[in-house]
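First the structure, in the form of structure tokens, and then the observations on it.
The values are calculated or read from the model by the stated rules, or taken from the named source; none is laboratory data. Note that this is a predicted model, so its numbers are computed, not measured. Methodologically, a virtual Cβ is constructed for each residue, glycine included, from the backbone with ideal geometry; neighbour enumeration extends over all protein chains shown.
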Amino acid sequence: MADLIVTIDGPAGSGKSTMAKRLAERLGATFLDTGAMYRGITLAAVQDGADLTDEEQLVRVVQGHRFDFEAASGRMLVRIDGDDVTERIRDPDLTAKVRHVAVAPRVREQLVAMQRAFAARHGRIVTEGRDQGTVVFPDAHLKFFLTADAAERARRRADELRAKGAEVDLEEIRQAIEARDRSDENRAVGPLKPAQNAVMIDSTGRSIEESVERICRLAEERIGAAVPCPPQPPQSEAPAARKDKPHPPAGATRSPAAWYWLARVVCQFFCILFFRYRSYGRENIPRTGSFILASNHQSFLDPVFCGVAVKRRLTYVARDTLFRNRFFGRLITSVNAIPIGRDKADIAAMRMIIERLREGAGVCLYPEGTRTHDGRVIAVKPGFGLLCRRSKATVVPVLIDGAFESWSRYKRFFTPGAILVQFGKPLAPEQIAAMSNEQLADTLTRTLRRMQREVRLKQGKQPYDYKK
């Protein structure tokens, strides 16, 4: 069984998908969108011309194709025989046909097996559906049943359709939702009902943020996870692909949430005690989805200076020699550090980084490849572009100033000083895809140098001269 399984069941339109995405992000878990799985099977059946009411034909569809379900922050990426059908499975006409697949017992058996296999590949998952807590994961660590009255759910659905430019009939939508409820509740296999030990959440009249806050608090109480739950404004969902892979090897384990947040608090106290620490531009850090903090590298303390400003759990990338000391290696591993060989193409480390990003995580790394010798920003290595493209992550430039003076590579111990961290405007995956590796490296280098100049001028410091 996975380290953590949280299920959110409920009727159509109750908000369980959005809730599961947000909760997965807060818990540092993988989001399992079971609806996307059923849609994928349905699309394959339609393409094959199968009779959707014939269970035998549906079983042959499942057995006759290769289905790849890749978890993403905000959605599930679906491939049929290698063909990406993520957008096609959201077609309204297809949605109306999914119910035929959902009531086929033998098809559901195979999908349940897929869902359990998915959970086995990930240490922590949040999953949503109609029978996740009753049938698929009866031993889940925490179960929720989310509901809302039909009128509320119809209004939400109508708002979604209007946002897409569609004309809607609110009463027609309400009637369709009620009919769907009756069908789900009365089906013979995996009927819609709350698990006996599920926590009931009625979202009628509540915003998504209010419901997420409540679920986070309950999760913290029930499973002991230190889940950061400050009220947040509505936010867009930034899709980021997430690969289904086995657990990472030693040296890349994920830290327990409680320990990570405790370590962050200790580091915050350290920064307050020894440094006049300030950070700006934190609004540029994505609240959901994968992202890379691409920082200049001035000192050993740079990961601390980056991490304390970010209210999401980060994965850090550190050179492999730092892991040779048994105590220090275990310490940095415990806060999500991944070792990477600096003098060779470390394919295994790159795969681990890309996996974390495809899981919707945030990664802090230093594309210069080494600490600066004189405080200046070193030219970014072109190989950084390959990592960005494969992960499809947003890139946030980060400029650290003052760390070189406090603990340069030539000092044995740090000295107190003033540290300023500036988070720059993010580069979207679409922008990055339009650049070559060399163009991205040059863009990021120029951006970091411009940010450094602005930051130093703001503090009354002499900017570095890059014409030499």
Which residue pairs have Cβ atoms closer than 6 Å, lie 6 or more positions apart in sequence or on different chains, and pair a first residue in the range 428-441 that is at pLDDT below 90 with a second residue that is part of a helix (DSSP H, G or I) and surrounded by 15 or more Cβ atoms within 10 Å (Cβ to Cβ)?
N437/G385
Residue in the range 122-131 that is out of contact with any helix residue (DSSP H, G or I) (no Cβ under 9 Å at 6 or more places or on another chain) and surrounded by fewer than 15 Cβ atoms within 10 Å (Cβ to Cβ) present
no
Residue check for T95: in contact (Cβ under 8 Å) with a residue 60 or more places away in the chain and among the polar types (S, T, N, Q)
no
Go through (1) in a loop (DSSP other than H, G, I, E, B); (2) surrounded by fewer than 21 Cβ atoms within 10 Å (Cβ to Cβ) and name the single condition S14 misses.
(2)
Which one of the conditions (1) in contact with a Phe, Trp or Tyr (Cβ under 6 Å, 6 or more places away or on another chain); (2) over 21 Å from S14 (Cβ atoms) does V101 fail to meet, given that it meets all the rest?
(2)
When restricted to E430, E454, the only residue of a type in the set (D, E) and more than 19 Å from P286 (Cβ to Cβ) is E454
Leading residue by the ranking (modelled with the lowest pLDDT) among those in the range 238-287 that are small (G, A, S) and surrounded by fewer than 16 Cβ atoms within 10 Å (Cβ to Cβ)
A250
